1. Specify which of the listed residues (Gln200, Gln191) is free of Cβ contacts under 8 Å to residues at least 12 places away in the same chain and assigned by TED's automatic domain parsing to the domain that holds Arg120.
2. Filter the range 243-272 down to residues that are in a loop (DSSP other than H, G, I, E, B) and of a type in the set (D, E, K, R), then give me how many there are.
3. Pick from the range 120-141 the residues that are touching a residue at least 12 places away in the same chain (Cβ under 8 Å) and acidic (Asp, Glu): which of them is farthest from Ala79 (Cα to Cα)?
4. What about Val364, is it in the same structural domain as Asn392 (by TED's automatic domain parsing), within 33 Å of the chain's Cα centre (by Cα), under 13 Å from Glu384 (Cβ atoms) and part of a strand (DSSP E or B)?
5. Sort through Ala112, Ala117 and tell me the only one that's in contact (Cβ under 8 Å) with a residue 60 or more places away in the chain, more than 37 Å from the chain's Cα centre (by Cα), farther than 19 Å from Leu230 by Cβ and not in a loop (DSSP other than H, G, I, E, B).
6. Look at the range 209-226 and say how many of its residues are farther than 15 Å from Glu95 by Cα and surrounded by 14 or more Cβ atoms within 10 Å (Cβ to Cβ).
7. Considering only residues that are charged (D, E, K, R) and at pLDDT 90 or above, look in the range 265-309 and name the one that is surrounded by the fewest Cβ atoms within 10 Å (Cβ to Cβ).
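The values are calculated or read from the model by the stated rules, or taken from the named source; none is laboratory data. Only a predicted model underlies this, so the values are computations on that prediction, with no experimental measurement involved. Because the Cβ atoms are built from the backbone with ideal geometry, glycine has one as well, and the counts that use them run over all protein chains shown.
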Amino acid sequence: MTTKKLWIIAALAVVATLVFFGFFHHGKTEADDANGPEKAAGAPVAAVVRVGRGTLGSPLTLAGAFKPFQDVDIHAKVAGYIKKMYVDVGTHVHEGQTMAVLEVPELAAQLAGADAAVRRAKEEIRRAEGDVQRAKSAHAAVHAMDSRLQAASDQQAGLVAQQEVDDVHAKDLEAEAQVSSTQAALSAAEQALDVAVEDQSRYRALSAYTQITAPFPGVVTVRYADVGSLIAAGTSNDTNAEPVVRLAQISVLRLVLPVPESIAGQIRLGDAVKVHVQALNQDSVGKVSRFADALDQQTRTMHTEIDFQNADGRLLPGMYVEARIGVAEKKNMMTVPLEAVEMNGSEGTVLLVNSQDVIEERKVQLGLQGSTRVEVLSGLSDGERVVVGSRNEYRAGLKVTPKEINVAQPGAAGEK
């Protein structure tokens, strides 16, 4: 065999060896690489951000609606027919203004009877006083005679017959008893007058209730009854008494806000609250007037009220507003975007992408909430990756292809 042929054979052998080992190496990579099948099948891409530290302190925006400062149904104290109605929907009234008058004929008769009883009791007192005066005069005369006879008998025995002395003394005692009797009759007449006056006062008070007046200045928002309607007395929760009108005080409005637990401890009386009234496209400023100082166990929020003066009546009850509450700054806190957390009060869950690019569900404790980020008190470490966006596409144990998104950490002005 020639040298040239030997070289050709050797070259072919080398090429065959390289092809064989190249094919073997490629097949081994596909088999050994655990990610190969998934990558080939297309592992879902997950947008992630890294847990970092920064400063939170932006005003918290809450939605709410105006309510009347006072809003009540006005009921009748006594049952009767509406005789006159002076107001209608939209009527502005002042405190003490008569809105309706009831007609209660039997109450008028009872009041007339009470007046007559008072007059009769006064006459009885005058008669009893006259009886007392007569009894006292008679007793004084008899007592004087008894004293003179007794003195004469004591000075000279036998001057006055003892029988006569005894008779006059008995009359003296009888007259004294008559005085006591007339005084008792006078006391009974006075007590009868007190009872009659009490009845008279009660019926007069009930008669005053036939005039239904406004307990505070406001506007009539609902009229429930018309002239001639029978109105039941609204003195018990057990009766289905229909009110006459509904009255709302709108010169001052309340804005009720559910302040979250994360900032409830920072709320103070007198804090300024700026609101944007969407319907009027205007801003107003109020002050925190009162708060519950306790959290609702269901919502983990604190009932907070802001009063707004509304003398011009531009603000209407029911208008929706966006309120901005200032929050004190907190620095160097661990934060994540709001869209990365599924919140449940002061707790929540995030989807974490671990070092093997596998989804884990992690429970976290939450703190202060800003406009775009929320503080994480525990459950995460700096630099860990959390999924942002829709959570419905991912589940715990799913392998993903993380795509990191650069989101600036909140600085001193980042959440302002």
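1. Gln191
2. 2
3. Asp131
4. Criteria met by Val364.
5. Going through Ala112, Ala117 in turn, the sole match is Ala117.
6. Residues in the range 209-226 being farther than 15 Å from Glu95 by Cα and surrounded by 14 or more Cβ atoms within 10 Å (Cβ to Cβ): 6 in total.
7. Top of the filtered list is Arg290.
Yes/no matrix, rows are residues, columns are (1) surrounded by 17 or more Cβ atoms within 10 Å (Cβ to Cβ); (2) over 16 Å from Gly348 (Cβ atoms):
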position	(1), (2)
Glu360	no, no
Gln365	no, no
Glu375	yes, no
Gly379	yes, no
Arg385	yes, yes
Arg391	yes, no
Ala396	no, no
Lys403	no, yes
Asn406	no, yes
